[in-house]
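What follows is a short report on a single structure.
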Amino acid sequence: MEGSAFSQKWAHSENSFGNKHLLVDHVRSVSRMAGEFAGSAFWRDEAEFAGLWHDLGKWGELFQNRLKGLEKGIDHWTMGACVAEKVGCRVAAMAIQGHHLGLQTWKKEIDLQPSHGLRLSSTSSLEDSVKAARAAELWPKKRPRSLSLQVMPTEKQASAMLDIRLLFSTLVDADFLDTEAHFQGDAAEVKRFRPPGPTLDATAAFNALNVYREEVRRNALADTCVAALRDELWDAALAAGGTQEETPGLWTLSAPTGAGKTLAMLGFALRRAQQCGLRRIVFVIPFLSIIEQTAQQLRRIFASGFDPDFVLEHHSLADARSRAETDDIGRRSKTDEAEEERRRRRRLAAENWDAPIIVTTNVQLLESLFSNRPAACRKLHRLRESVLLFDEAQTLPADILIPTLATLADLAAHNRSAVVFATATQPAFDDLQSKIETLGRAPWTPREIAPSILFGRVRRTCVLWPEPDAAPTSWETLALRLAAFSQALCVVNLKRQAWRLLAELRAKNGDDGVFHLSTSLIPAHRSMVLTEVRERLKAGRRCILVATQCIEAGVDVDFPVMWRAMAPLEAIAQAAGRCNREGARPLESSVVTVFEPDRATDEGIDSRQAYPTKAYAQAAAQTKTMLRRLGAEAMDIDSPGLFRRYYKELYALSGVGQANPELRSAIENLDFPKVAECYRVIDEDTVSVVVPAVGFGADPSMVLDMVSHGQKLPFDWRRKVQPFTLSMYRTAVGPLLRDGRVAPFPSLGRGEEAEWFYYCAGDDYDRICGLMPSGQANALIG
C-alpha cells in the first residue's frame, strides 16, 4: 500500500478560506509540538509517538466521509490507541484513547472496540491502517523510550497518574494548537499559529521586583522592628532561592503575618528560576477575595518594560471570556476591536497557561491536576520546570490532603519544579510521610526558607483567651464592648453571626463608623468598605468592623484591638495579624480577645451550627481541648512548636489518612474519571450570582439592560459584571429560584442547572450587611 494513500487523507474540514488540512501534516506537527512540550522528560519519545498515531483512525473512509457530512458518530482514536498498546506504549495508548473523551480507567488491555456506541472510522483492518501510516513514514525510526514500564501496576498510583496526565497534556495541547492554527489560516498562511506567550526573563523580572520593593520600603509605616523582620525574610528568601542545586526542590516558607511573604515568595521564585533555568511562576491562592489584589500588585511590579500579558489571571471571575461569548465584531469601534484582541489573547493563554506568571486559585490548579478532561489537563505540562507558590497552605482540605501532597512532591522531585508552601501557621505535613509514601514516589521532605527565629523577633499582640468554662458572650454585650473603642475589629465564623452583631451595633450606635466585610457583599461594595476602613484607620476616625474569616488572609488592615470568635488555632492566628500589623502600638494595648459566641439564632436556623463546616468545627474543638489542657499561657500563637503540636493532634483526631476512601480507591485503581469526580477542593458546587446593587462605585445598568431586554451578552460581559458577582451554593439556588428571587442569565442555561444567575429582589441587599436572602442565611460562601 503506497504512502500516498495515507498522505491524501484529511484531518479536518476546510477552514473559512477553503484551506484543507492534510492528515500527515497534522500528526507530524502534533508530534513535534508534543515532544517540545515534554522537553527534557525521559518520556519525550512516547509523547512524540502519541502525536504521530493519535489520529490514525482518520485514515479510514468513514471518517473521511464524515468530513463531507455523509457520516456521524465515528470513533477515530481507538485504532491509534491499539497500535500504541501493541508496541508497549500504554501511556501513549491511554492519551490517544482519551484525547477527545478524557482519560479512562487503566485496564489490562485496550482492545479494538469502538467507545461509547460509536463506529470505528475504517472497515479496513488495523494492519492495513498501520501499513498505510508506515508507508507515509510515520513510524519512528527507533523504538520509543516508554514511560509505560514505570507506571505499570505500582503502589505509587498518585505518581503514576501524574505521569500519565503530563504526557496526556502534551498531546492534547499540541492537538488543540495545530487544529486551531488550521482554522485560523487564511490566503496568506495555510496554518496561522497563535503567537507564543512572553518568556520569563528572570533577571529582568528580579530587577523590577527589587525596584518595587525599595519603593514599598520607603513608603512603609511599619515599626523599625517589623521593617527589620521583613528585610530578614527577604534576605533569607533570596539566599534559599540561590541555593547551588540543580533540583528546584520542595520548600516551606513559615513567617509571621505581615512579614512580607508575597514579595519574599516572588524573590525566591525568581532566584530559583535564575539558578535552575525555570520557565514560569504560578501563584496559587485559596480565596478569590485576595487573588485580585495579588494580581494587581504583580502588574504594578511589571508595569514598565514587560509584555502586557506577562501576568495572567485564571480563575472563575477572570475577564478572559469563554468560547461561547461572541459578538458582532463588525459593529465595534477600533478601540473595541483592539480590546477584544487583547482579551482574546488572554483567553487563549488561559487555556494552556502560556504566560511567565500565572495567578490562579487552589480550585483551578488542584482540580486540574486531578482531572481527566482534555481541556482541564491541557495546561499541566506547563507546571514542569516551574515554581508553584501555594499561599495560605493551611487551607488545603483534609480529605484530599494525602494525594495532593504525594502528587506535588512528585512534581518537585521528578519534573524539575519548585513547590513552596507559605503560611504563618505551617502545618506539620511531614508528619504524614508514612501515608504520603503509599501513593507517591517522592517523600514530603521540604526545606524551610525562613529562619525559625523570625517568630520570636517581633510580638505585636497579646491574646486574651476565655476561661475553659466561661459562659458564651451575648451579642449585646459584645456590641457594648466594641462600641467602647473608637476603632475595633470583630471576626466571627458565620455571616448570620455577623448580621446579629451588626444589628446590635446599629440599634445602639447608628450606622456611622460601623462596617461589615464578608462574601455577602458584592466585590464593588467590599472594595469601597476596605478603602473607607483604611482611610478611617489612618485618620484616627471611628471605625468598628465586623467581618467573617474572609478578612484573615491577605487583607492589609491594622486595628488597635480586636475580638475573635472561637475558631481553629490557625484562624485565630491569622485574624490576629490584622491587629497592630505594623507593630507601631504598645504590645500591652494591642489585645486580641477570643470569645465563645452566643448561639442564639434567628427562628428556623439550627442553633447548634456554630461553624461553617464539620472540619472547621473539629479544628475549633481541638483548639479548645489544647486550651484546657495546656492553659492560656502556653497558647502562644507566635510559636511554630504550638502549631506543630496542634496539627499533629488534629491529623490523628480527624483520621486524615482514612479520609475520602472513595477517592483513595479510585487512585489505587488508576480510575481517572472517578478520581476527577471525587477530588473536590470545595465540597459543595457553587454558581455565580450577579447582584445589580446600586450605589457602590460601579454601574449595574448594563446588567439590568441585558436582563430586562433579553440582550445578547457583549463580548466583555464577565468583566463588566465582576463587581456585582457573588458565589452561592447551588443547593441554595432552588428555593430562591422558586421564590422568584433569582433567575438564570439569558442564553446561559435554564433552571437550577445554569451556571450564572442574576438576583431579582433588590430589597434583599442591605447597604451594610450586603445580600441577605430571606430565609437563606447560609446560602452564600462565608
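A few points about this structure:
- Filtered by the rule that a residue be open to solvent by 50 Å² or more (accessible area, probe 1.4 Å) and either free of Cβ contacts under 8 Å to residues at least 12 places away in the same chain or outside any helix (DSSP H, G or I) (or both), segment 229-242 gives Asp235, Ala239.
- Every test in (1) surrounded by fewer than 22 Cβ atoms within 10 Å (Cβ to Cβ); (2) touching a Lys or Arg at 6+ places or on another chain (Cβ under 7 Å) is passed by Leu489 save one, and that test is (1).
- Listed by first and then second residue, the pairs linking a residue in segment 724-742 that is free of Cβ contacts under 8 Å to residues at least 40 places away in the same chain and closer than 14 Å to Tyr758 by Cβ to a residue that is of a type in the set (A, V, I, L, M) and part of a loop (DSSP other than H, G, I, E, B), with Cβ atoms under 7 Å apart and 6 or more places separating them unless they lie on different chains, are Arg741/Ala761.
- Helices (runs of 4 or more DSSP H) wholly inside segment 368-439 containing at least 2 residues that are under 26 Å from Phe455 (Cβ atoms) and open to solvent by less than 30 Å² (accessible area, probe 1.4 Å): 401-414
- Cβ-Cβ contacts under 7 Å between residues 6 or more apart (or on different chains), taken from a first residue in segment 37-52 that is over 9 Å from Arg384 (Cβ atoms) and open to solvent by 10 Å² or more (accessible area, probe 1.4 Å) to a second residue that is of a type in the set (Val, Ile, Thr) and not in a loop (DSSP other than H, G, I, E, B), are listed as Leu52/Val27.
- Condition met for Leu627 (closer than 20 Å to Ala424 by Cβ, hydrophobic (A, V, I, L, M, F, W, C) and at pLDDT below 95): no
- Flag not set for Phe455, criterion: open to solvent by 20 Å² or more (accessible area, probe 1.4 Å) and either closer than 22 Å to Tyr616 by Cα or in contact with a Pro (Cβ under 9 Å, 6 or more places away or on another chain) (or both).
- Being of a type in the set (A, V, I, L, M) and touching a Pro at 6+ places or on another chain (Cβ under 8 Å) holds for only one residue in Ala406, Ala398, Ala424, Ala428, and it is Ala424.
- Some residue of segment 538-556 being touching a residue at least 40 places away in the same chain (Cβ under 8 Å), in contact with a helix residue (DSSP H, G or I) (Cβ under 6 Å, 6 or more places away or on another chain), surrounded by fewer than 22 Cβ atoms within 10 Å (Cβ to Cβ) and not in a helix (DSSP H, G or I): yes
- Count - residues of segment 561-599 that are assigned to a loop (DSSP other than H, G, I, E, B) and over 16 Å from Ala424 (Cβ atoms): 9
- When residues of segment 349-367 are limited to those that are surrounded by fewer than 24 Cβ atoms within 10 Å (Cβ to Cβ) and of a type in the set (Gly, Ala, Ser), the one farthest from Met33 (Cα to Cα): Ala350
- Search result, residues across segment 231-259 that are closer than 21 Å to Arg416 by Cβ and either of a type in the set (Phe, Trp, Tyr) or touching a His at 6+ places or on another chain (Cβ under 8 Å) (or both): Trp251
- Within the option set Arg213, Arg217, Arg192, being at pLDDT 95 or above and in contact with a helix residue (DSSP H, G or I) (Cβ under 9 Å, 6 or more places away or on another chain) holds for one residue only, Arg213.
- Candidate set: segment 214-228, residues that are assigned to a helix (DSSP H, G or I) and touching a Gly at 6+ places or on another chain (Cβ under 8 Å); chosen: the one nearest to Ile357 (Cα to Cα): Val226
- Residue list for segment 201-210, filter: farther than 16 Å from Arg299 by Cβ and either assigned to a helix (DSSP H, G or I) or modelled with pLDDT under 95 (or both): Ala202, Thr203, Phe206, Asn207, Asn210
- Residues being assigned to a helix (DSSP H, G or I) and in contact (Cβ under 8 Å) with a residue 24 or more places away in the chain - total across segment 103-133: 7
- Exclusive hit being part of a strand (DSSP E or B), closer than 17 Å to Phe390 by Cβ and not acidic (Asp, Glu), set Phe268, Phe283: Phe283
- Positions within segment 633-647 being surrounded by 15 or more Cβ atoms within 10 Å (Cβ to Cβ) and either in a helix (DSSP H, G or I) or more than 31 Å from the chain's Cα centre (by Cα) (or both), in sequence order: Met635, Asp636, Pro640, Leu642, Phe643, Arg644, Arg645, Tyr646, Tyr647
- When Leu62 is tested against (1) touching a Ser or Thr at 6+ places or on another chain (Cβ under 8 Å); (2) under 23 Å from Phe168 (Cα atoms); (3) part of a helix (DSSP H, G or I), exactly one condition is not met: (2).
- Matching residues in segment 205-228 - criterion: being hydrophobic (A, V, I, L, M, F, W, C) and surrounded by fewer than 18 Cβ atoms within 10 Å (Cβ to Cβ): Val211, Val216, Ala220, Leu221, Cys225, Ala227, Ala228
The values are calculated or read from the model by the stated rules, or taken from the named source; none is laboratory data. Everything quoted here is computed from the prediction, not taken from an experiment. Cβ sites come from the backbone with ideal geometry, for glycine too, and all protein chains shown count toward neighbours. Each accessible area value is taken on the protein alone, full model and side chains, heavy atoms only, with ligands, DNA and RNA left out. Shrake-Rupley method; radii C 1.70, N 1.55, O 1.52, S 1.80 Å.
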